[in-house]
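Notes follow once the structure below has been shown.
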Amino acid sequence: MSFRRGKMGTVKKLYAAYRKFPIQVKASFWFLICAFLQKGISVITTPIFTRLLSASEYGKYSVFNSWLGIVGIFVSLNLTGGVYQQGLVKFEAEEKLFSSSLQGLSMTLTAACTVVYLVSRGFWNKLFSFSTVQMLAMLIMIWSSAAFGFWAAEQRLHYRYRALVAVTITISFAKPTAGILLVVHARDRVTALLLGLALVELIGFTGLFWAQMRRGKKFYCRKFWNYAMRFNLPLIPHYLSQTILNSADRIMIERITDAEQAGIYSLAYSVSLVMTLFNTALMQTLSPWIYEKIKREKITDIAPAAYSTLSLTAFANLFLIAFAPEAVAFFAPSEYFEAIWVIPPVAMSVYFMYGYDLFAKFAFYYEKTKFIMTASMVGAILNIVLNYMFIRFFGYRAAGYTTLICYIAYFSGHYFFMNRVCDECCDGVKPYSARIIMLITVCFITAGFVLMFTYRHTAIRYAAFLTIATIAFFKRKDLYILQKEMEVKDNGT
């Protein structure tokens, strides 16, 4: 009884402390929860869908999502990204008008693309290998997701976390629920799943579109439409390259081999990308602080936090690599078991996804979009070329290694361009030491491959991971001292 009272007292103290937090802190916490919910629910429901769908059907569903990301950039121009967030600040006095007019632009673009599709739907259906119903579901998802994106960005700007949390929780649970109910009663299970997801988004997000339209009362505003188009059109190659880098492998596996192998690869990719939730949590916390340091010209203060979070990201992905066989067994039936061999290179890619963002912050802050675009396009083109060459000879597993190679190139390219930006805008002061980053990276990749080679021997694998974890724990202070020594050498002092 005393234990129970003590537990209740602790909860009350925590709640009392939470209530004293500033609105910004509370909002940041709940926005992070929303980000986890949006991605986390899809991860949690993966074991259900991999058992309801065959490997071939799951592959078709994954390929649909890959095309959704690519087509969505052309249809929506990614208006919910940087242009909208920057515009909310730039046009603060006309915020409501700006929001409603961008909603109007998004709807106009989607409607125009829908007309183009319907006029020659036979051509588009053959190009994408989808049915008319599936293509219309894709267009609905593109528009409804954009409608939600505009509304959600506005909520974040004003720290209105309660409404955003309520909508996110409702839709996050409704989508898989509707998908499961339709799949179990359908013959064409892939189409049923896509219709379920599209209908939930359409019903759930249409109200958000009308909410912003009622407040702004303006569907078309020439000034804002021109501003949005001028800002975002030059960034389309960057957005497209990022999406291709994330999605082209699944599409090419299906075209070169078959949908079943695409399904196995997609399962491995989805499991590996669980760690992007970890990346998102770290970067959402770190981004405002990094921008503030750049603004105050204190960029050398960034390095310790960057090295620590990079090391943390490395260890988190090593944990996933170590337990890949168990993860695949949990997420899917035995027909997907070969996916374990794809997880290590893709999990290593997640580390480089986090790292490049640390470098790209400088190009974004100083609006050096040509550097961002160049690095992105090189990574995307390299991905397509390598996939085309190696999937034909080595099968779907090769795509995991081409992804890793491309993200290493992406990571390196952004590091190179970051240094160029610092030369131009920061009086040549560099925020990071190449040797420290190389040290962390080489140790991570070496440990990852060591763990992969122990997959057929469970006891050795567990022992290897415990050894790596123990060494990392006891050597953490040595690494910190080594970092300091290298920083001193790099600064020439």
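Here are a few things to note about the model shown:
- Each Cα pair under 8 Å and six or more residues apart adds its separation to the average, and for the chain the resulting relative contact order is 19 percent.
- Cα-based shape type of the stretch 207-305, given that a ≥ b ≥ c are square roots of the gyration tensor eigenvalues and the cut on a/c is 1.5: oblate
- Environment charge at V342 (Cβ cut-off 13 Å; Lys +1, Arg +1, Asp -1, Glu -1): 0
- Contact order, relative form, for the stretch 263-413: 30 percent (alpha carbon pairs under 8 Å, 6 or more residues apart, mean separation divided by residue count).
- Violating pairs (Cα-Cα greater than 23 angstrom) within the set K293/K430; K126/K175; K60/K175; K298/K361: K126/K175
- Space enclosed by the convex hull of the alpha-carbon atoms of the stretch 79-193, per residue, Å³: 105
- Label zone at M107, where the point sits 7 Å out along the Cα-to-Cβ direction: the stretch 187-217 residues whose backbone N lies under 13 Å: 206-217
- Accessible carbon and sulfur surface of the chain relative to its total accessible area, %, 1.4 Å: 66
- Per residue accessible area of the chain, 1.4 Å probe, in Å²: 48
- The packing ranking, built from the mean of other Cβ atoms within 10 Å per residue, places the peptides 45-55, 136-146 in the order 136-146, 45-55, highest first.
- Mean residue ellipticity (222 nm) of the chain, computed from DSSP H runs ≥ 4 via -39,500 (n - 2.57), nearest 500: -28500 deg cm²/dmol
- Relative contact order of the stretch 283-355: 33 percent, from C-alpha pairs under 8 Å at least 6 residues apart in sequence.
- Residue by residue, the stretch 209-216 carries 3J(HN,Hα) couplings of 4, 5, 4, 6, 5, 5, 6, x Hz when phi is fed to the Karplus relation 6.51 cos²θ - 1.76 cosθ + 1.60 (θ = phi - 60°); x denotes Gly or Pro.
- Global form of the stretch 253-410, assessed from the alpha-carbon gyration tensor, a/c cut-off 1.5: oblate
- In the set [x] 67, 25, 19; [y] 34, 31, 26; [z] 34, 29, 22, the label that goes with semi-axes √(5λ) of the Cα gyration tensor in Å computed for this structure is [y].
- Shape of the stretch 428-475, Cα gyration tensor, a/c cut at 1.5: oblate
- At full extension, R230 and F393 could sit 54.4 nm farther apart than now, given 0.36 nm per residue minus the alpha carbon distance.
The values are calculated or read from the model by the stated rules, or taken from the named source; none is laboratory data. What you see is a predicted model; the values in this text were computed from it and never measured. Cβ sites come from the backbone with ideal geometry, for glycine too, and all protein chains shown count toward neighbours. Side chains included, ligands, DNA and RNA excluded: accessible areas come from the protein's heavy atoms. Shrake-Rupley method; radii C 1.70, N 1.55, O 1.52, S 1.80 Å.
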